Each structure stands twice: as structure tokens, then as C-alpha cells.
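The structure under discussion appears below in the form of C-alpha cells.
The values are calculated or read from the model by the stated rules, or taken from the named source; none is laboratory data. On a predicted model such as this, the values are computed, not experimentally measured, just so you know. When we count neighbours, we look across all protein chains shown, and the Cβ atoms used for this are built from the backbone with ideal geometry, even at glycine.
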């Protein structure tokens, strides 16, 4: 297992377009998290899955954002009708339910023009 | 809202000097974790503190959890250039929320 994988690493899109990011967690980790990080700030929590169940969503997650983890393995984060304010690094992390220690992926950097 | 703040926001030290970053939460934390993010990298877990007043050491790094479980500190003795990066504290708010709330981070620059 090579850790948490995220794809794509970079995405440049025009305002109004839809984008989708994928995260493959560490295989034995049943918890998966999405965070957003802007320059000079700490990661901001977006949403969290335990297995396939989405257990918590931040109020930051507007209706344009949706996340899925259909089989309890990989997850996707979709942003519809992107806005310039969506430009950020989208970080995925995973953990086991016992340890609560997050292993982060390298992130997907989104630039909205 | 619930917040985790860190000070200072940025510190520049000469190699060999000590460094301390402080973390304060608006609410009680069930535990606290520290992560390091190198420039251009992603956060990497350093340590977790659970008990009130707990102190843990990792080589030159000393971590403390406050008695009231609302604050924490990270102290680095005799900094090295490899210590460069941003240090984040992160906690589980004692409200049952199951996701970590991260602090704003302290960026450390070490002059050789």
C-alpha cells in the first residue's frame, strides 16, 4: 500500500465548470475525510465518511459540493458550477476508527479562472 | 463558532535557537494532535496527547497538553534547517464531533 492517493494533482478550470476529485485511501482504513486548505491557513473540514456512510458535513459544504464513497473504498468530491473562491488545495485523509490519526494524501490543487 | 488558534503565525529563527508555538481552543478538547507540513507538502502526523497535563518528547520536540485541555504547546530545542515547515495543532472538540479541527498553523523558518 502506497498511502493515500489523490487524482488529479492539479486542475485548472473555468468558472462555471464542474470538477471531480478522486481519493483512494489506505486500504485498511475505514474512515475518509475531505479537507480544504487555502494559502497560509490550516485545513478546513468538509466532510467525513465511515465506510460508505457520510456521517458529517461542514456548513462550509454548499449545495454545489457533493461527496460519495459508494463501496466504502475510494471517494469522489464533485464541485458543480465552480467559482473563483473554490480555488484551494483539496486534501483527502484516511484513518482507522480506533486510532483517529489522519494520513493525508498529497492533495488536489484547484485553480478556477 | 468553535475555533483553534495558534500563535505566532510566523517565526524566523537562527539555526540552533529554540522555538515554541502555542495552540488555544475555544472549547475543551478530548485530545490534541500535532502535524507538520513541509513547504509544498501535506500535513504529516507527529503526535497525539490525550491526558490533562500530559507531556511527551520526541528527540528535540516537546509537546504539552494543558491542564484544562484547552491549550497545548510545541517546543523545539536547538532548531535545525530540517525543522522548516508549518506546524498545526488539531483537536477533537469535546462536543462529539468526529472530525479534527485544525489550528491556523505556525510557519517556522530556520536561517542556517
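Anything in region A:32-47 that is touching a residue at least 12 places away in the same chain (Cβ under 8 Å) and closer than 16 Å to residue B:43 by Cβ? List them, or say none.
Scanning region A:32-47 gives A:32, A:33, A:34, A:35, A:36, A:37, A:38, A:43, A:44, A:45, A:46.
In region A:10-37, what count of residues is obtained for those that are within 11 Å of another protein chain (Cβ to nearest Cβ) and in a loop (DSSP other than H, G, I, E, B)?
Count: 0.
In region A:42-56, is there at least one residue being at positive phi and either exposed (fewer than 13 other Cβ atoms within 10 Å of the Cβ) or in a loop (DSSP other than H, G, I, E, B) (or both)?
Yes, region A:42-56 has at least one match.
Restricting to region A:87-113, name every residue that is away from chain B (no Cβ under 11 Å), exposed (fewer than 14 other Cβ atoms within 10 Å of the Cβ) and within 13 Å of residue A:49 (Cα to Cα).
A:96, the sole residue that qualifies.
Condition (residue is within 13 Å of chain A (Cβ to nearest Cβ), over 29 Å from residue A:54 (Cβ atoms) and outside any loop (DSSP other than H, G, I, E, B)) applied to region B:70-83: is it met by at least one residue?
No, there is no match, as no residue in region B:70-83 is within 13 Å of chain A (Cβ to nearest Cβ), over 29 Å from residue A:54 (Cβ atoms) and outside any loop (DSSP other than H, G, I, E, B).
Quick check on my filter: what residues within region A:57-68 are surrounded by fewer than 17 Cβ atoms within 10 Å (Cβ to Cβ) and assigned to a strand (DSSP E or B)?
Those that are surrounded by fewer than 17 Cβ atoms within 10 Å (Cβ to Cβ) and assigned to a strand (DSSP E or B): A:57, A:66, A:68.
Name every residue in region B:38-66 that is touching a residue at least 24 places away in the same chain (Cβ under 8 Å) and at the interface with chain A (Cβ under 9 Å from one of its Cβ atoms), in order of residue number.
The answer is B:41, B:43.
Could you tell me whether residue B:86 is closer than 15 Å to residue B:34 by Cα, part of a strand (DSSP E or B) and away from chain A (no Cβ under 14 Å)?
No: the conditions fail for residue B:86.
Among what's in region A:69-86 and is at pLDDT 90 or above and closer than 22 Å to residue A:26 by Cβ, pick the residue that is surrounded by the fewest Cβ atoms within 10 Å (Cβ to Cβ).
A:70
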